[in-house]
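**Student:** Submitted below is the structure of interest, expressed as structure tokens.
The values are calculated or read from the model by the stated rules, or taken from the named source; none is laboratory data. Just so we're clear, the structure is a prediction, and the values are computed from it rather than from any experiment. Note: ideal-geometry Cβ built from the backbone for every residue, glycine included; neighbour counts use all protein chains shown. We work out accessible area using only protein heavy atoms, side chains counted, and drop any ligands, DNA or RNA first. Shrake-Rupley method; radii C 1.70, N 1.55, O 1.52, S 1.80 Å.
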Amino acid sequence: MLSRVAENLFWLGRYLERAENIARMARVEHEVSLESGQEIWHSLVSTTASNQLFWDTLADSPDLTHSEFLIYSMQNPASLRATLVRARELARGLREHISREVWEEINALYLYLALRKEYIASDIQQFCTETQRRTQTILGLYDNTVLRDEGREWFRCGMYLERADMTSRIIDAKYHILLPRGDDVGGPFDRFQWMAVLRSASAREAYWRMGNSEVDGIVVADLLIFSQEFPRSLAFCVQALQRHFQQATGETPKRRRAGAERGITLLHLDIGARDMEQLVDDGLHEFIDDFQQRLIEIDRSITDDIFRAEPNAEQSQQLATAEQG
Amino acid sequence: MTNHLLDGYADDGTACDEMFDPAGEFRPEYRELGELLQRWTADDHLEREERADLALLSAGITFNVYSEEEGTERIFPFSLIPRIVGAQEWSEIESGLKQRLQALNMFLIDVYGTQRIIKEQVIPEEIVLSSPGYQPKMAGFRPPLDIYAHIAGCDLVRDREQGMVVLEDNLRTPSGVSYVLENRAVMLRVVPDLFPRWGVRAIADYPSQLMSMLLSVRPEVSSDPPRAVLLTPGLYNSAYFEHSFLSNQMGIPLVEGSDLTVGDDDFVYLRSTTGLERVDVIYRRIDDDFLDPEFYRPDSLLGVPGLMRAYHKGHVSLVNAPGAGVADDKVVYRWVPDIIRFYLDEEPILANVETFSALIPSELDHIRAHARELVIKPANASGGYGVLIGAQASAAELEDTLAQVEAEPRNWIAQPLLEFSSIPTFDGDLLKPRRSDLRPFILSGRETWVIPGGLTRVALREGSYIVNSSQGGGSKDTWVLNEGPD
């Protein structure tokens, strides 16, 4: 498969997954803000983008709110809108690799965005709900209408890598609650926060179905990190990434895939060797930090060694001889 | 009383119309459709049109406009009332196009070979060698099957006096065929009730015809199975949708210049995730000048360094061949009837429009004397840019253009203003006559194949002669009728 196409499918998977996550987190954040009367958007900005960029942008447009920056602003490359615009641009260049159904749904989402040029604060809920629903539709259509070839495996690699990253960010945003105990830990506010975490990760129903009778931060983190059954947990995502990477690189020469393969395998083994109790003792934040670093390295190996590897002359010579003979 | 779509249509006269004859009666091929439309109201039409536009927009069937900000996309305005061509007339057009392409390909082999046509003084040497489409570096090169112009689009109009005539040939990278296929798909969805009882000629096999043509001109040293790719300038090209559409329909990779590389062995390879894969045929949708920065424009970022070296060694085929543009030059066009007679010893089946070349003194005099009756065109622009219609121009515009003509006579031609035919086209609340042309596509490989129909373009403004999409034209489906039972 063409390297450029593989790379773009990988990123299409990443962007769509990212958009779905931002829309979901923003929706939850919005509801929590309304209910609690506390403006907590700023934590979401630091979860998904850089605070520095927010303050820089604010200097030029003083009316900018955290939620507008996160959802609508095109100055924020990680905003929901900017992410979807880029996903659609990629999809436009990948039309011969995705089904017509997937393309039309992505394009319809883009047209939906184009109709809402102005940010309307009261509209956030509706906008995020609609965007999330449409993004999930796209992911579902992709799974059910696109040929299961190498390109689809790269799409899935991008999707799971992004999902692992996003779930780790959601956990990280609340890690301080697991730090040595303050007064309200275990109290109503704590439970309230962990409920929000579960909803941000689409994990509320999963949590109750696993037989839990109360909200406990340790159990929540355990689910989001170690569960083999919950499709957004770190362990699940890494395992899926490993499987799809193997399928995508079945015919890739060893020296091109070795770096990423090692990174993914070690990450998978490492998660399997740990448990929640140990994580709390060692420091959850340090673990998440290391996890995110390793995702970055895996991404870099995939990009440099597979998507952008410069083929050498020797290889082209070999190939020509093989075919002429 | 409810107004119907065709009310008053014939009142202004139907001197040259596709649906009506000069007496105001339906032409036979339009009778069935016309009688249906007489019962349609504006609302019937609007409702269908809305559905068609929505289908095109959501499918992203759009083109980019160069003069607007980068990345601006528009849908190509689509008109529901089709052009209909009878079976008999079509078979004549088809033979005429095959004849024309056969002669033009012989002309190209000759021009880059022994130049017999110049030696025998059928066409002036200066006209051929000064054409911007002429590529001196192609001299002596013979592509597989002796074909330079594999894919051609000839623009036809129906003139009041002469009948169907060829207005121009497009032999480099003619575009529009994706609209032909998509327009048909939309028509089948939106107005299934308008299709005639005996049906229309299907066009859906264009991609497979194109694919077998591409493989038929592969180099002798091809890999097994041979691999074809479509080379695009990229996402921001105005015809990108078409590049993507065709590669998808043929199941071949859509590549950009940077996806290809030429090895030390002078073969062309595709950069893939598993290594390099050899490429045998390149359907390129980028201009000659951008193909290879080592050979043509050194500043080209679109091309593939070394590509022409591989091509000249016969390691890869390019479709269309570089240099084909000399045969679609608007000045060379004036000599196409002579070209047909010279190589085939036959009379042209399809006529040319009478054309004056400013390079020939007697013809320049004619242009000066009759400027008000002529259309004056730059020889090397496309998309309708720079065209001056004498009858509609101001005195200053006319003077300005004539000064340019005298300064660079090689670059200008003039033709009489054709009263070409109109087709009913919805405008506000009724159908109105709007001028249109027809671009059939001709594929030349081991065999020559003409798509039954082609792209019908229509001027959307009253009185306009310009049908180009970049200047506000629209398109229609084209129906070539199957033979009925009688």
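**Student:** Only Cα pairs within less than 10 Å get springs; with that Gaussian network setup on chain A, which residue of A:Asp216, A:Asp63, A:Asp165 has the largest fluctuation?
**Tutor:** With Cα springs under 10 Å in chain A, the top fluctuation among A:Asp216, A:Asp63, A:Asp165 is at A:Asp63.
**Student:** Moving to a separate point now. For region B:408-466, max minus min Cα coordinate along each principal axis, in Å, sorted largest first?
**Tutor:** 49, 38, 14
**Student:** For region A:150-160, in order, what is each residue's ³J(HN,Hα) by Karplus, 6.51 cos²θ - 1.76 cosθ + 1.60 with θ = phi - 60°, in whole Hz (x at glycine and Pro)?
**Tutor:** 4, x, 5, 5, 5, 4, 5, 4, x, 4, 6
**Student:** Let me ask you something else. For the protein assembly as shown, what D do you get in µm² per second when you plug the Kirkwood radius from alpha-carbon pairs into Stokes-Einstein at 37 °C and 0.692 mPa s?
**Tutor:** Here the translational diffusion coefficient equals 108 µm²/s.
**Student:** Report the longest stretch of chain A that contains none of the GluC sites (Glu not before Pro) sitting in a DSSP loop with at most 12 other Cβ atoms within 10 Å.
**Tutor:** Here the longest segment lacking exposed loop sites spans A:119-213.
**Student:** Can I ask one more? Considering all alpha-carbon pairs of chain B, what whole percent are spaced by more than 35 angstrom?
**Tutor:** Within chain B, distances greater than 35 Å cover 35 percent of Cα pairs.
**Student:** About the Cα centre of region B:220-315, what is the dipole size in debye to 20, counting +1 per Lys and Arg Cβ and -1 per Asp and Glu Cβ, all else neutral?
**Tutor:** That gives a dipole near 180 debye.
**Student:** From the helices alone, meaning DSSP H stretches of at least four residues, give me the mean residue ellipticity at 222 nm for chain B, per-run term -39500 (n - 2.57), in deg cm²/dmol to the nearest 500.
**Tutor:** My calculation for chain B gives -8000 deg cm²/dmol from helical runs alone.
**Student:** Report the charge-dipole magnitude of region A:150-310 in Debye, nearest 20, computed about the Cα centre from +1 at each Lys and Arg Cβ and -1 at each Asp and Glu Cβ.
**Tutor:** Rounded to the nearest 20 debye, it is 680 debye.
**Student:** Please state, as a whole number in µm²/s, the translational diffusion coefficient that the Stokes-Einstein equation yields for chain A at 4 °C and 1.567 mPa s, with Rh defined as the Kirkwood radius across alpha carbon pairs.
**Tutor:** 61
**Student:** From the gyration tensor of the Cα coordinates in region B:203-264, what semi-axes in whole Å does the equivalent ellipsoid have, largest first, with each one equal to sqrt(5λ)?
**Tutor:** In descending order, the three semi-axes are 20, 19, 8 Å.
**Student:** Sticking with this structure for a sec: Based on a Kirkwood Rh over C-alpha pairs, give the Stokes-Einstein translational diffusion coefficient of region B:220-315 at 25 °C and viscosity 0.890 mPa s in µm²/s.
**Tutor:** 181
**Student:** Hey, got a sec? Which chymotrypsin sites (Phe, Trp or Tyr not before Pro) in region B:231-322 land in a DSSP loop and have at most 16 other Cβ atoms within 10 Å?
**Tutor:** B:Tyr236
**Student:** Around B:Phe426, which amide H atoms from residues at least 5 apart in sequence, or from another chain, sit under 5 Å from its own amide H, with H modelled in the peptide plane?
**Tutor:** B:Leu80, B:Ile81, B:Lys432
**Student:** Taking only protein heavy atoms and a 1.4 Å probe, what accessible area per residue, in Å², does region B:385-486 have with all protein chains in place?
**Tutor:** In whole numbers, region B:385-486 has 40 Å² accessible per residue.
**Student:** Any idea what the relative contact order of region B:354-416 is, in percent, if you count C-alpha pairs under 8 Å spaced at least 6 apart?
**Tutor:** 50
**Student:** Work out the charge dipole of region A:1-147 with +1 on the Cβ of Lys and Arg and -1 on the Cβ of Asp and Glu about the Cα centre, then indicate which of A:Ser36, A:Ala23, A:Gly93 is farthest towards its positive end.
**Tutor:** A:Gly93
**Student:** For a test of the definition: using alpha carbon positions, the gyration tensor, and the 1.5 limit on a/c, classify region B:354-416 as rounded, prolate or oblate.
**Tutor:** Rounded, since a/c falls under 1.5.
**Student:** Roughly how tilted is helix A:284-301, in degrees to the nearest 10 and between 0 and 90, from the longest Cα axis of chain A?
**Tutor:** 20
**Student:** In addition: Taking amide H atoms as placed 1.01 Å from N in the peptide plane, list the residues 5 or more away in sequence, or in a different chain, whose amide H sits under 5 Å from that of B:Val255.
**Tutor:** Amide H to amide H, under 5 Å and 5 or more residues apart or across chains, B:Val255 pairs with B:Leu230, B:Leu231, B:Thr232.
**Student:** Mind jotting down a quarter of the surface of the convex hull over the alpha carbons of region A:150-310, in square nanometres, one decimal?
**Tutor:** Projected over every direction and averaged, the Cα hull of region A:150-310 covers 9.7 nm².
**Student:** Can I ask one more? Near the amide H of B:Asp17, under 5 Å away, which other amide H atoms are found, from residues 5 or more places off or on another chain, if H is placed in the peptide plane?
**Tutor:** The list, which skips near neighbours in sequence, is B:Ser422.
**Student:** Apply the Karplus curve 6.51 cos²θ - 1.76 cosθ + 1.60, θ = phi - 60°, to the phi angles in region A:9-17 and return the couplings in whole Hz, x for Gly and Pro.
**Tutor:** 3J(HN,Hα) across region A:9-17, in whole Hz: 5, 4, 6, 4, x, 4, 5, 5, 5.
**Student:** Dipole of the protein assembly as shown, Cα-centred, from +1 at each Lys and Arg C-beta and -1 at each Asp and Glu C-beta, to the nearest 20 debye?
**Tutor:** It works out to roughly 1300 debye.
**Student:** What figure, in Å² to the nearest 10, do you get for the accessible area of B:Leu359 with a 1.4 Å probe and non-protein molecules left out?
**Tutor:** Result for B:Leu359: roughly 40 Å² accessible.
**Student:** Moving to a separate point now. Using only Cα atoms, tell me the angle between helix B:87-111 and the longest principal axis of chain B; keep it within 0 to 90° and round to the nearest 10.
**Tutor:** Taking Cα atoms only, the helix is inclined about 30 degrees.
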